[in-house]
Every structure is written in C-alpha cells, then in structure tokens.
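The values are calculated or read from the model by the stated rules, or taken from the named source; none is laboratory data. Owing to the predicted nature of the structure, the values given are computational and were not obtained by experimental measurement. Positions of Cβ are generated from backbone atoms using ideal geometry, with glycine treated the same way; all protein chains shown enter the neighbour counts. These accessible areas exclude ligands, DNA and RNA; they are computed on the full protein's heavy atoms, side chains included. Shrake-Rupley method; radii C 1.70, N 1.55, O 1.52, S 1.80 Å.
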Amino acid sequence: MSELTREQVRHVAKLARLDLSDDELDRFTGQLAGILDHAARVSALDTDGVPPTAHPFPMVNVLRPDVVKPSLDRDEVLACAPDARDGRFRVPRILEDEA
Amino acid sequence: MTPPEPSTPSTPSAPTTPSETDAPDTIEVGLDGHADGWELVVGLEVHVELATATKLFCGCANEFGQEPNTNVCPVCLGLPGALPVLNELVVEYALRVGEAFHFDVPAQSVFARKNYFYPDMPKNFQTSQYDEPICLGGHLDVDGVRITITRAHMEEDTGKTTHVGGGGRIHDADFSLVDYNRAGVPLLEIVSEPDIRSSEQAKAYASELRATLEAIGVSDVKMEEGSMRVDANVSVRRRGSDGFGTRTETKNVNSIRSLGRAIEYERARQIEVLEAGGRVVQETRHWNENDGQTHSMRSKEEAYDYRYFPEPDLVPVAPTPEMRAAVRAAMPELPAARRDRLVAAWAITERDAAALLGTPGLADYAEAAVSALEALEALEALAVDGARGGSPRDIVNWVNGEIAGHLNETGSSPAALSLAPAALAELVGLVAAGTISRNQAKDVLGEALADGRRPARIVTDRGLAQVSDESSLGSVIDGILAANADAVAEYRAGDDKARKKKRGFFMGEAMKALAGQGNPQVLNRLLDEKLEGNG
C-alpha cells in the first residue's frame, strides 16, 4: 500500500490550484494511493532494454511549413475573457502578499 | 519591470548544472578576507527568439510591435481542443545551432510541459523540452578557451504582462494586462556550463554566441528588443576550491556591456555577503541599468514545482540524416573563419576584425562598402598625384571609428543607417581622389549620417571640393612667387631654417588665395618644383 499522506495530496492540490475540503482530501488520498499502487506495480517490471515511450503513436516529425495563417479577430477573442482593457486581457494582481 | 521567473521562461538546468544540485549552502570564509581570494564562476543561459514567419506551434505571425492580441489563435491561446503542430523551420534552425556549436543531436527529442500558474501563458504550462532536448554537449571557443555548452532546446516564448497601479511594479500593482502576441513565439534556450571565470570572458562568450547566431541566420539577436536574452548564473568560491558556491540568476541584462557590469556587481555583492559571515540566497535577481545594481525579485521562486511531463499532443522529433546533411551543406561562414578571411584579405588587425564581428550587421555593412569601393572603377581615373588609393582598410577605419560611435550614440543598427554602404565607399573615394581631405570627410560623414545625402552631393552643396588641378594650382603659385620676388631671393640664399620659414609663408599665401581648398599634397610638390627652379 502506498504511503501517500494527506499533506502530500494537499500540496499537489495547491500546485494545481484546487481547493479541497477535508472530506475531499480523505477521499482523494485513498483514490490517489490506489493509482500510485498501480504505477508501482508497473514500475516493478523489468524494463531494461525497453525504450521509454514518449508518445503512444509510432510517429515522428509531424511538421508544418512556416507559413502565416490568419489569426483570430481580437474583439471576438477578448469577448471570451472575463475582463479586458485596452485590447488586452485583464487579470487579477499576480503576486500574493508575502505572508 | 520584468515579472518574476516564469515570464522569462527558462527550463531549470538542474539535471546538468552541478551548481544547482550539489551547491553547499555556505562557503567557508577565510581569514584574509580579500576579494582576490575569491574565484568567480559564471554560467550563461541565453534565450534566442527565432526569425521565423510564424510561431512555434501555430500559423500566427511572429512579429514584434504589433497591436496587442492580434496575432493569436486557439493554439497559442490554449483554447480547449486546439492542437499544436511543430514549425519545420524551427527544427532546421535548431539543427543549424547544433552544427555551429558542435552539439550532439540525439536520434530523438521530445517536448514536455512545464507546469506553472502565471498569466503570461494562457495554457498554464509552457511547452518546452526537458530531459530529451534537441542538442546536447556542444562548445564554443572564445579567445582560446573552450566553453562547454550543456544543451540547446526548443521552447515557446510567453506573453507580455503590463502591471497597472502601484507605479507599474508587479508587487504593488492593482491588476495586470496581458498581450499574447509573443506567446508561442519560437525560442531556443542555449545553456552553458559554469565554465566562465571572468566578466570579460562572459562578455566575449555572449558576443561570439551572438555573432554565430547572426551568421547562421536563425535570429536577429537584438538584445535591446529582447530577441536575445542573456541570464547570468553567478557564484563565487574560495580560490583553489573546486566546489560551487550558491548561485544567483540575474535577468534583464539588455546589452553585452550590461552583462559585464551585472556580473561584476553580483561578484562584489556576494563576496561582501560571505565575508560578513552571511549566506548567499539562491534567487532570481533583476539588473537595473539605471542604478547599476541587481535587485532581488522577492518572488516565491522556490515554491515552483514544474512537474514536467512529456507533451502528449506532440510526437517526437527525430532529425533524419537527410535533414542534417542539408543543414550541414548549407552552413555559412562562421565568425572565426570570417575574421581570419577579413584580416587576410583587407590587411586589417585581428582587433579590427573582432570589432566588426562584435556588433550585429557591422561586418555585413563593411563588406558591402568594400564591394562598392571595388566597383568604383572611376577611382583610378579620378586619382591625382599624391593621392593614395582607397582601400578596405579605409572603409574599416570609418566603420569601426565614426560609424560605430554613431551607432553607440543613437542605438541604431547598421542596416538602418541613412548612409548606405555604397555612400561610404563614395566618401572613401572622394578622400582617395584628393577631392576632400580626411578632416573634411569627417564633417561630410556627419552630415550624411544625419540627413542621408550622398557624400558627393554634400561636397557640392557646401563647395568643399579641394582644388587638385595642377594648372590652376600652378598659376596660383606662379602669381605668389612673382608678387614676392624678394622673399623668393631670400629663400634661395637662406639656410635650412630660413628656407623652411619662407616656404611656410608661400604655402600660407597659396592656401589663402585658394580659400583653403587647395590640395596640400599637390601644392607642396608644385611649390618645391617651382622654388628649385624646375617649374
């Protein structure tokens, strides 16, 4: 059984900007531990000589020519944003106060 | 104000840079306590914006200075369902870099997501490369010292944030505005090993790197406009020690000169901290050009945990032998070879050649001017007695002197000069032909740089042309000698000192009669001939 702690789950949630309740923390700690157990079983297999898979499709070099295509209309783009000003996206203050 | 770390993206070089993984927290401070007991250790991370028509993963235009948010699409805005497709020219550019800096190009490289929350990337991650970059283990020789380049990888640039309120400072701002035109613009990040031991060496490395990137045509390398950004990882250690001190990363360095100043400042600051018994804090610092200091960004950088993972929406890049061969076959002349060629072909000094290559576009400008000079076939026909032929060296002297000075003063670039290379050749031709003196040429050059008139036109407009015509000058001298027969007699009877004095008098009279526009070389020769009775 994985040794995942509630604190680790809280940290991961914070990195993902998720605000979890205590109940959710308990629930997700159990679920995540199950997922990690599964990953641990895969990790335990002998994979010497097996190249890591970067992508499930056996394809490389999917490229496009360097040719300009039309961009979106700015008004339409900004209409999707919660707030805009002077042709730009307006976002809340970026740095939190040092606590 | 540059926002904190994420907005000038740099994949941490932790896997490859020992100073990050093995750095001790403190350095033992010895008793002698002198700065010369310390050794400087520098590694440079250089971000280069690639000169493509479109962004890294979409067809939006890669253009500087457009109206905000006009070069955006579902891909670079990170809209749901949008899929990136890699720009083939970026791969070619990366392979050129691989060739120019002697990198290994692994059989396969992959993109990775670097996750962070910061509004300069609308996707909440930056697409970069992590453990499988396109270039590994290169080097650049700088003044006989080999600097190892750890890696070069492809990644996308971020958007531009403007902070509103609180004097535009991020810490006090009420809110920020974001323009995503730059988001998704292709970058190459080129990371050196901490092999650099002085600020001069750092400047030389950055300058040679810039000249090389310019030569292979992958970027316009304008540090002032941010198309080449140099971040300096600086630490100090006790001389003789082979461990690494705690480093800081200095950003916002906008010129090669500032790079040297910023490194020197950091060196002195860190030594002062350590000698006072303190510890250097590992942090990002911001160079302020105005006060000549670095300042802590005070961001919670240590809290970042980028959780890199392979980008599922992009398949690996596997440069084929054909792709690599095509790039190799098309490699242009690199700076070291070009310096050697110019030194040999133009009979200029190494120092002059290095100066030409040290400013983007300057060597191209000089070469264009020399070609134009060689094309001035009329030059020989124009040349009169005593005039030396215009040479490439004359061109180089103007370019490294007055023109480089003008570029420094105005912050302009050679390509933007109102004096075309052919016009400089014309100026050198005018001096060589004796039409104007070198001093007059300086004034003419100043005017040509200011208003773009051709030098020949300025000479005409200002009536500057020297009189070099022998019969005109001869008759002026004849007139003066005839009017001063006594002086001529005294000259002929006098000793060397008296002769010299009289000769100066005749020369002065002749110049006065010619309103200062007589060609002094021709006048001197004619005067000698006539005084010795041969004329």
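Amide H contacts of B:Val142 (H built 1.01 Å from N, in plane; Pro and chain starts excluded): B:Ile147 sit under 5 Å, all sequence-distant by 5 or more or on other chains.
Inter-chain neighbour count for B:63-73: the average number of beta-carbon atoms from partner chains within 10 Å of each residue's beta-carbon is 4. Amide H contacts of B:Glu39 (H built 1.01 Å from N, in plane; Pro and chain starts excluded): B:Arg237, B:Arg238, B:Arg239 sit under 5 Å, all sequence-distant by 5 or more or on other chains. Spin-label model, B:Arg328/A:Val12: points 7 Å from Cα along the beta carbon direction are separated by 4.6 nm. Per residue, the convex hull spanned by the Cα atoms of the range B:470-531 amounts to 69 cubic angstrom.
Per atom type, the range A:1-76 shows carbon and sulfur on 59% of its accessible surface, probed at 1.4 Å.
For the protein assembly as shown, the solvent-accessible area of protein heavy atoms averages 48 Å² per residue (probe radius 1.4 Å; ligands and nucleic acids excluded). For the segment A:9-15, counting C-beta atoms of other chains within 10 Å of every residue's C-beta and taking the mean gives 2. If only the Cβ of Lys and Arg carry +1 and only the Cβ of Asp and Glu carry -1, the dipole of the range B:54-213 around its Cα centre is close to 240 debye. Note on the protein assembly as shown: dipole from Cβ charges, positive end direction compared against A:Leu63, B:Val221, B:Pro414; the farthest Cα belongs to B:Pro414.
For chain A, just say rounded, prolate or oblate: build the C-alpha gyration tensor, square-root its eigenvalues into a ≥ b ≥ c, call rounded for a/c under 1.5, and beyond that prolate if a/b exceeds b/c, oblate if not. Oblate shape, in that a/c is at least 1.5 and b/c is the bigger or equal ratio. Counted over the protein assembly as shown, the DSSP beta bridges are approximately 90% antiparallel. The angle between the Cα long axis of helix B:199-215 and the main principal axis of chain B comes to about 80°, on a 0 to 90 degree scale. Any idea what % of Cα-Cα pairs in the range B:432-498 are farther than 19 Å? Cα-Cα pairs of the range B:432-498 separated by over 19 Å account for 55 percent. Indicate the gyration tensor shape class of the protein assembly as shown (rounded, prolate or oblate), computed on the Cα atoms with a ≥ b ≥ c the square roots of the eigenvalues: a/c under 1.5 is rounded; otherwise a/b larger than b/c is prolate and the rest oblate. Cα axes put the protein assembly as shown in the prolate bin. Applying the criteria of a DSSP loop state and at most 12 other Cβ atoms within 10 Å to the trypsin sites (Lys or Arg not before Pro) of the range B:130-178 yields B:Arg169. Mean per-residue shielding of peptide B:157-164 is 2, counting Cβ atoms of other chains within 10 Å of each Cβ. Relative to the longest principal axis of the Cα atoms of chain B, the long axis of helix B:421-432 makes an angle of roughly 30 degrees. Under the convention that each Lys and Arg Cβ holds +1 and each Asp and Glu Cβ holds -1, the size of the dipole of chain B around its Cα centre is about 1020 debye. Applying a DSSP loop filter and a limit of 10 other Cβ atoms within 10 Å to the GluC sites (Glu not before Pro) in the range B:428-535 leaves B:Glu532. Sequentially through the range B:258-264, phi angles give Karplus couplings (6.51, -1.76, 1.60; θ = phi - 60°) of 5, 4, x, 5, 5, 5, 4 Hz, Gly and Pro residues having no value and appearing as x. For the A and B pair, go ahead and give the buried accessible area with a 1.4 Å probe, both sides summed, in Å² to 100. Chains A and B together bury roughly 4000 Å² of accessible area.
Tell me the GluC sites (Glu not before Pro) within the range A:19-99 that lie in a loop according to DSSP and have at most 12 other beta-carbon atoms within 10 Å.
Details: sites: A:Glu24, A:Glu76, A:Glu96, A:Glu98; in loops: A:Glu96, A:Glu98.
Counting only loop positions with at most 12 other Cβ atoms within 10 Å, the GluC sites (Glu not before Pro) in the range A:19-99 are A:Glu96, A:Glu98.
Principal-axis analysis of the Cα atoms of chain B puts helix B:335-346 at an angle of about 10° to the longest axis. Helical runs assigned H by DSSP (4 residues or longer) give the protein assembly as shown a calculated mean residue ellipticity at 222 nm of -11500 deg cm²/dmol, each run adding -39500 (n - 2.57) before division by the residue total.
Under 5 Å from the amide H of B:Cys135 lie the amide H atoms of B:Ala152, each residue being 5 or more positions distant or on a separate chain, with H modelled from the backbone and absent for Pro and chain starts. Ignoring aspartates and glutamates fewer than eight residues from A:Lys69 along the same chain, the ones with Cα atoms less than 16 angstrom from its Cα are B:Glu63, B:Glu88. For chain B, the relative contact order works out to 14 percent when only alpha carbon pairs closer than 8 Å and six or more residues apart are counted. At the listed q of 0.08, 0.09, 0.11, 0.12 Å⁻¹, the Debye profile of chain B, built from one uniform point per Cα, gives log10 I(q)/I(0) equal to -0.66, -0.77, -1.00, -1.13. In order along the range B:45-50, the phi-based Karplus estimate (6.51 cos²θ - 1.76 cosθ + 1.60, θ = phi - 60°) of 3J(HN,Hα) comes to 10, 10, 9, 10, 6, 7 Hz; Gly and Pro are listed as x.
Only Lys, Arg, Asp and Glu carry charge here, each on its Cβ (+1 for the first two, -1 for the last two); on that basis the range B:134-231 has a dipole of about 60 debye about its Cα centre. Taking the 1.4 Å solvent-accessible surface of the range B:215-320 as the whole, the part contributed by carbon and sulfur is 48%. Altogether, the Stokes-Einstein calculation at 20 °C and 1.002 mPa s, with the Kirkwood radius of the range B:160-211 over Cα pairs as Rh, returns a diffusion coefficient of 148 µm²/s. Backbone geometry of the range B:231-242 corresponds, through the Karplus equation with coefficients 6.51, -1.76 and 1.60 at θ = phi - 60°, to 3J(HN,Hα) couplings of 10, 10, 8, 10, 9, 10, 8, 4, 4, x, 7, 10 Hz, x marking Gly and Pro.
I'd like to know how the range B:333-461 sits against the 2.2 N^0.38 Å rule of thumb: what's its Cα Rg over that expected value? Normalised Cα radius of gyration, the range B:333-461: 1.01.
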